Amino acid sequence: MRAIEVNQLVKQYKNGIRALDGLNLEVSCGEIFSLLGPNGAGKSSLINILTTLYKHTSGNVTVLGKDLCKEPSWIRTQIACVAQRISIDEHLSLMENMIFQSRLYKVEDAEAKKRIDALIDSFGLSQYLKYPVSSYSGGVKRRLDIAMNMVSYPKILFLDEPTVGMDIVSRKAMWEIMRKIRDDFGTTIFLTTHYLEEADQLSDTICIMKEGRELVQGTPVSLRKYIHQNMLRIGFSDKEKTEKCAKKLAQTNMLPFINVRENSIYADAGEDRKIFENVNKWLFENDVSFEAVEITQPSLEDVFLKLTGAEGGVNKWIQ
Amino acid sequence: MDTINILWRNMKWRFQNPISILLTIIQPLIWLALYSAMAGQSMRNVSGGNYTAFILPGIMVLVAMACCSSGGYLNFIMKTKGSFYRILIAPVKRSSIVLGQLLEAVLLSLIEAGILLVLSMTMSVRIASGFAGLLLILLLVFLAAFFMSGLSYAISLCLPNEAIYETIMNLIVLSIFFTSTALFPMDGISGGLKIAVMINPFTHIINSLRSLILGSSVDWQNLLLVAALFICLCLGSFALAMWRIKKETDN
């Protein structure tokens, strides 16, 4: 049985915006599933639908084998969601927040106490018990938010961009927590993010979406050609020089993919060092006044351009 | 159980923010202590001697309306930094969510009406209808508060921010208060104003409360009519609040 199956899902808001446009995806039980997409891709709309907050316009959604439209009440007992915005009641203490959540999910008092103790221990929250929640740092609040949502031992935990705005140390600590939830509690994690690295490091399955549709879904290994592609970056001092060089470079047919962003040319460098050497040689031979040349990891935009067939981007510069 | 859980969370907020209790009772207290003392002399003829006892019912309704407005305000706080959306996706009935919040405002209204009653005792006010009258007074305050809290809840979910909410609630509360018999008897009013006062449901609850405070016998017929009117209004405002919370998920 799949944890989540989504077929031809459409969500059109009353203002006419079509946030989801025929989306398909499958999430297996017990995995970390990352939904990767830029702002406005439809990630939050999808989470709001899957967590029963919003109704979809058309399409089919099953959660743990049950139809989302027909059995939203049962589905609510099986899931929990850590929203983008921290949802702790700051007037309650850490313990009161946990108890309040356990009562919402009808966990018996004795069982709730056991779970709360285990979660406080697992999430390293015991040292904060005696302080008011309003005095916690953002990272600790986020940990409490997740711990609170785990008190019902949900079968699926939705995390909507849980690491957005965090520094790299906090982000890595959060990754550990997510792995722990999957491994120790057997919970399926449905994660949305716009960080390529995060999806790559954490996930069993990645789905990349844009403009309400999935572009590709697979394991990080199977998506390696998109996520781990070497990108060649040539930096310039201004936009005019960048575009002039992009045009010339495109005519050489050395590069299969060219994209210009913020005074830099980005190109697919593949696995072959030869391309890097050839481009360097060409830059010097043609007396191009560039500021930097390097191999970098792709941004989401690079991945999208490649996935949406924008390899023809080279042609854009040949005029 | 869910209702109690949500009521508990809201009461915790209330008692951790005592300023919200103080702010809802301070204005009615000013009316009761200062206005009754100042206007008491000129209103002696129309109020039967004790103007504080005369305006106490209106002030109790005013305090209930202030508490209920403050209850709706809680939605804005819970939406921006609280569990509003978390509760919506929890396995909790929408009716329990609404009821938990409405009862918090009702409970606060009863506590504050009780404080006003006790304070008014020190100003020579006596409940002429006795203990039974006191229980009926609390029942009427409960109904008035429940109706108003349902309305405030629904209005708070319709509006984009707390500033607009506060302005609108002030307008509603003051309009209701001044087009009722809270400060003066019905006899001296005529024309269009009389119609406005008559169609204001709070006029009738204030009159019933007043007859329980000033009169030694209970006018059951009138009381049952007013109670029936407010039960209908309570059901209507609860339905409105339910419709509005369902709309929160109907995007």
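The values are calculated or read from the model by the stated rules, or taken from the named source; none is laboratory data. Quick caveat, the model's predicted, so the values are computed rather than measured. All Cβ positions, even for glycine, are placed from backbone atoms using ideal geometry, and neighbour counts span all protein chains on display. Note: accessible area is taken over every heavy atom of the protein model, side chains too, but ligands, DNA and RNA are not part of it. Shrake-Rupley method; radii C 1.70, N 1.55, O 1.52, S 1.80 Å.
The value for the protein assembly as shown of Rg(Cα) / (2.2 N^0.38 Å) is 1.30. One Cα centroid belongs to region A:22-40, the other to region A:77-102; the line between them spans 24 Å.
Per residue, the convex hull around the alpha carbon atoms of region A:89-174 comes to 101 Å³.
Per-residue mean of foreign Cβ neighbours for A:23-30 is 0 (Cβ atoms of other chains, 10 Å radius). Rounded to the nearest 0.05, the FRET efficiency derived from the C-beta distance between A:Ser237 and B:Lys194 at R0 = 56 Å is 0.10. More than 26 Å apart: what percent of Cα pairs in chain B qualify? When all Cα pairs of chain B are counted, 39 percent exceed 26 Å. Counting pairwise Cα distances across region A:157-202, what percent come out greater than 17 angstrom? When all Cα pairs of region A:157-202 are counted, 24 percent exceed 17 Å.
Calculated FRET efficiency, B:Ile111 to A:Thr219, Cβ-Cβ distance, R0 = 56 Å: about 0.40 to the nearest 0.05.
Computed over the Cα atoms, what is the radius of gyration of region A:130-188 divided by 2.2 N^0.38 Å, N being its residue count?
On the way: Rg = 11.9 Å, N = 59, 2.2 N^0.38 = 10.4 Å.
My calculation over the Cα atoms of region A:130-188 gives 1.15.
Of the peptides A:148-160, A:67-79, the ranking by mean beta-carbon count within 10 Å, highest at the top, reads A:148-160, A:67-79. For region B:24-146, the alpha-carbon coordinates run over 58, 30, 21 Å along the three principal axes, in decreasing order.
For chain B, averaging the sequence separation of C-alpha pairs within contact (under 8 Å, six or more residues apart) and dividing by the residue count gives a relative contact order of 27 percent. With the charge dipole of chain A set up from +1 on Lys and Arg Cβ and -1 on Asp and Glu Cβ about the Cα centre, the Cα lying farthest toward the positive end among the listed residues A:Ala269, A:Ile156, A:Val216 is that of A:Ile156. If you run the Gaussian network model on chain B, springs between alpha carbon atoms under 10 Å, then out of B:Ala39, B:Ala182, B:Ala144 the most flexible one is B:Ala39.
When the Cα positions of B:Phe15, B:Phe230, B:Cys68 are compared along the charge dipole of chain B, B:Phe15 comes out farthest toward the positive end, with charges on each C-beta of Lys, Arg, Asp and Glu. Once the convex hull of all Cα atoms in region A:229-317 is built, its volume per residue stands at 82 Å³. Can you compute the label reach from A:Ser73? Point 7 Å from Cα along the Cβ direction, backbone N cut-off under 18 Å, restricted to region B:81-116. Backbone N within reach: B:87-100. Ordering of A:46-53, B:55-62, A:252-259 by packing is B:55-62, A:46-53, A:252-259, highest average first (other Cβ atoms within 10 Å, averaged per residue). Rounded to the nearest 20 debye, the dipole size of chain A about its Cα centre is 640 debye, using +1 on the Cβ of Lys and Arg and -1 on the Cβ of Asp and Glu.
Considering every residue in A:97-103, what mean count of other chain Cβ atoms within 10 Å of its Cβ is obtained?
Details: counts 2, 0, 3, 8, 5, 1, 9.
Partner-chain Cβ atoms within 10 Å, mean over residues of A:97-103: 4.
I'd like the orientation of helix A:273-285 relative to chain A: the angle between its Cα long axis and the longest Cα principal axis, in ° from 0 to 90, rounded to 10. Once rounded, one gets 50 degrees.
Estimated from the Cβ-Cβ distance and a Förster radius of 51 angstrom, the FRET efficiency linking A:Tyr13 and A:Val169 is about 0.85. Ranking A:Ser93, A:Leu20, B:Ile30 by how far each Cα lies toward the positive end of the dipole of the protein assembly as shown (charges on Cβ) leaves B:Ile30 at the top.
Roughly how large is the B-A contact in terms of buried accessible area, totalled over both chains, probe 1.4 Å, nearest 100 Å²? Working shown, then result.
Values: alone 12000 and 15690 Å², together 25010 Å².
The summed interface area works out to 2700 Å².
Near A:Arg18, once Lys and Arg are set to +1 and Asp and Glu to -1 for all other residues with Cβ below 9 Å from its Cβ, the sum equals -1.
For B:Met11 and B:Ala228 in one chain, what is 0.36 nm times their gap in residues minus the Cα-Cα distance, to one decimal in nm?
On the way: separation 217, 0.36 × 217 = 78.12 nm, distance 2.88 nm.
Result: 75.2 nm gained on full extension.
For the protein assembly as shown, what does -39500 (n - 2.57) per DSSP helix run (n ≥ 4), summed and divided by total residues, give at 222 nm, in deg cm²/dmol to the nearest 500?
Details: 24 runs with 319 residues, N = 570.
Mean residue ellipticity, 222 nm, calculated: -18000 deg cm²/dmol.
Expressed as a whole percent, the accessible area of the protein assembly as shown that falls on carbon and sulfur atoms is 57 (1.4 Å probe). Measuring against 23 Å, Cα to Cα, the residue pairs A:Lys247/A:Lys281; A:Lys66/A:Lys180; A:Lys11/B:Lys93; A:Lys11/B:Lys247; A:Lys43/A:Lys106 contain A:Lys66/A:Lys180; A:Lys11/B:Lys93; A:Lys43/A:Lys106 as the ones spanning a longer distance.
Run the numbers on region B:19-96 and let me know its relative contact order in percent, using alpha-carbon pairs under 8 Å that are six or more apart. Mind showing how you got there, number by number?
On the way: 34 pairs, mean separation 23.0, N = 78.
Dividing the mean separation by the residue count of region B:19-96 yields 30 percent.
Kindly provide the Kirkwood hydrodynamic radius of region B:67-107 in Å, to one decimal, from all pairs of distinct alpha carbon atoms.
On the way: mean 1/r = 0.0942 Å⁻¹.
For region B:67-107, the Kirkwood estimate is 10.6 Å.
Check every DSSP H run in chain B and write down those whose alpha carbon atoms cover 15 angstrom or more along the long axis and whose mean Kyte-Doolittle hydropathy is -0.5 or greater. What comes out of the filter, once short or polar helices are dropped, is B:18-30, B:51-81, B:94-121, B:130-158, B:162-178, B:201-214, B:220-248.
Summarising the amide proton neighbourhood of B:Val125: residues at separation of 5 or more, or on other chains, whose placed amide H is nearer than 5 Å comprise an empty set.
Over all pairs of distinct alpha carbons, what does the Kirkwood formula give as the hydrodynamic radius of region A:2-226, in Å?
On the way: mean 1/r = 0.0557 Å⁻¹.
One over the average 1/r among Cα pairs gives 18.0 Å for region A:2-226.
For the peptide B:2-10, the mean number of other protein chain Cβ atoms found within 10 angstrom of a residue's Cβ is 3. Amide H contacts for A:Gly270 (H built 1.01 Å from N in the peptide plane; partners 5 or more residues away or on another chain; cut-off under 5 Å): A:Asn230. Annotation: average projected area of region A:109-152 is 3.1 square nanometres, based on the convex hull of Cα atoms across all directions.
For region A:9-129, which semi-axes, largest first and in whole Å, follow from the square roots of 5 times the eigenvalues of its Cα gyration tensor?
32, 17, 14
A compact globular protein would have a Cα radius of gyration near 2.2 N^0.38 Å; the ratio found for region B:122-250 is 1.20.
Charge dipole (Cα centre; +1 on Lys/Arg Cβ, -1 on Asp/Glu Cβ; no other charges) of the protein assembly as shown amounts to roughly 1040 debye. Under the simplified labelling scheme, the A:Asp184-A:Gln251 pair shows an inter-label distance of 6.3 nm, with each label point 7 Å from Cα along Cα→Cβ.
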